[in-house]
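First up is the structure itself, then whatever we jot down about it.
The values are calculated or read from the model by the stated rules, or taken from the named source; none is laboratory data. Computed from a prediction, not measured in an experiment: that's the story for all the values here. FYI the Cβ positions are ideal-geometry reconstructions off the backbone, even for glycines, and counts take in every protein chain you see. Surface accessibility is based on the protein's heavy atoms, side chains included, excluding ligands, DNA and RNA. Shrake-Rupley method; radii C 1.70, N 1.55, O 1.52, S 1.80 Å.
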Amino acid sequence: MTAETTTGSAGVPGPAAEPGTAYGTAAGPAGPPPTLLIDLATGLWRAQTLTAAIETGVFESLAAGAADAPGLAARLGIGERPAEILLTACTALGLLEQEDGRYRNGAVADHYLVPGRPDYFGGYVRMVAQYTAPGWLRATDAVRTDAPSKPVPDPDRNMFEEGNRPQAFWDGLYAFSTLTARRMAGALDLSGVHRILDVGGGAGATLIELCRRHPHLNGTVLDLPHVCELARKRIDSAGLSGRIGTAAADFFTDPLPSGHDAVLLSMIMHDWDETQNRRILAACLDALPSGGTVLISELLVADDKSGPVDAALMSMNMLVGTWGRNYTAAEYAGWLRDAGCVRVRTVRFDAPGANGVVIGEKA
């Protein structure tokens, strides 16, 4: 009997398996489907399809009106063949919708991938492609050497210093931080906090969202001088210059400003090793009065180190790009207690850049 021909999940034709022997061989029993491995191995295909669609202007063009492949090709100045292939791929990935040969943005693309819209996320996608991907392509080197594999212009300087991270990093991280901060702001009870110091606050996205959600709140973004310039522009644009200020400082070498009743470390401590993180916490507590609050917002690794996926892969991202990793809530809690905090607890939520906040109060 001749076996029928079928197509596998990778699109490669092959003979249909006999019932009960899928993926098995004459020499051994059937194994589980290799779908997981195929999805993992081809993850770059999905990411680069998304990047290509953003960089060629697919979503921006379709926001102005649906189009077929020849029409979109003419709009974008590309060939019909790549236009058709890219449109098909984006539709298969759930980014586009197609009806009668005409394509339009799906709900996610319409909300997040059209330039100029409030939650535009394309900058983050491009940042990952341009800034983090080169290091990820050498992830094995990072594992073998226990050193970052992502190239930087000057590895002997602070990785966040001016010139060592491109503008694309700060622009891309802003949208990522904004979406994370919205969920965090809704999860936290900040009724007892009036002035908050956002240490390593970047371009101000987190503190802007916290102040929008909590009208009684004021605060300060602390970061390196060139980053504070970016933050001031964002704060002014948000109309919050009367409530949010900036402080240019290096939190490893400069004392943190006093006058705040809470200190926030949002997506900061995963960049550093334990020794450096304990130094950061000591500086934070020095700047707080008794009863002041320290908040550590991160993608927390499970205490048994089994996941979750987003925290585990962000930890791999730290291996590739920094000397840090993602830590567990128990590890942070231990450091806070060692630094002199009491009533240590964790508030959980779900967001792109964090799944919880570990909170401690200065004794």
> How far is it, in nm, from the label point at E80 to the one at A168 when both lie 7 Å from their Cα along the line to the Cβ?
Replying inline: 3.3
> With each pseudo-label sitting 7 Å past Cα toward Cβ, what's the H194-R348 distance in nm, one decimal?
Replying inline: 3.5
> What percentage of the solvent-accessible surface of the chain, computed with a 1.4 Å probe over protein heavy atoms, is contributed by carbon and sulfur atoms?
Replying inline: 55
> E84 accessible area, nearest 10 Å², 1.4 Å probe?
Replying inline: 110
> Roughly how many Å² of R345 are accessible to a 1.4 Å probe, to the nearest 10?
Replying inline: 110
> Cα-Cα pairs above 16 Å in segment 280-363: how many percent?
Replying inline: 53
>> On the principal axes of its Cα set, how long, how wide and how thick is segment 237-329? Give whole Å, largest value first.
In response: 42, 32, 24
>> Once you place label points 7 Å from the Cα toward the Cβ at W323 and R279, how far apart are they in nm?
In response: 0.8
>> Using all alpha carbons of the chain, what is the percent of pairwise distances in each 10 Å bin, ordered from the shortest bin to the longest?
In response: 5, 20, 27, 23, 15, 7, 3, 0, 0
> Taking 0.36 nm per intervening residue step and subtracting the Cα-Cα distance, what contour gain separates R102 from D254 on full extension?
Replying inline: 48.9 nm
> What is the dipole size for the chain, taken about its Cα centre, with +1 at each Lys and Arg Cβ and -1 at each Asp and Glu Cβ, in debye to the nearest 20?
Replying inline: 620
>> Applying a 10 Å radius around every beta-carbon, put 48-55, 265-272 in order of their mean neighbour count, most first.
In response: 265-272, 48-55
> Could you work out the helix-only [θ] at 222 nm for the chain, with each DSSP H run of four or more residues adding -39,500 (n - 2.57) and the total divided by the number of residues, to the nearest 500 deg cm²/dmol?
Replying inline: -12000 deg cm²/dmol
>> Could you compute how much accessible surface T88 exposes when probed at 1.4 Å, giving the result in Å² to the nearest 10?
In response: 70
>> Could you put L179, L36, L264 in order of accessible surface area, largest first, with the 1.4 Å probe and the full protein assembly present?
In response: L36, L179, L264
> Kirkwood Rh, segment 176-263, all Cα pairs: how many Å?
Replying inline: 12.8
>> Please report the antiparallel percentage of the DSSP beta bridges confined to the chain, to the nearest 5.
In response: 50
>> What number comes out for accessible area per residue over segment 169-280 if the probe is 1.4 Å? Units Å², please.
In response: 39
> Quick one: which of K150/K233; K305/K362; K233/K305 span more than 31 angstrom between C-alpha atoms?
Replying inline: K233/K305
> Which of the helices in the chain meet the span-like rule: DSSP H, Cα axial reach of 15 Å or more, Kyte-Doolittle mean at least 0.5?
Replying inline: 309-321
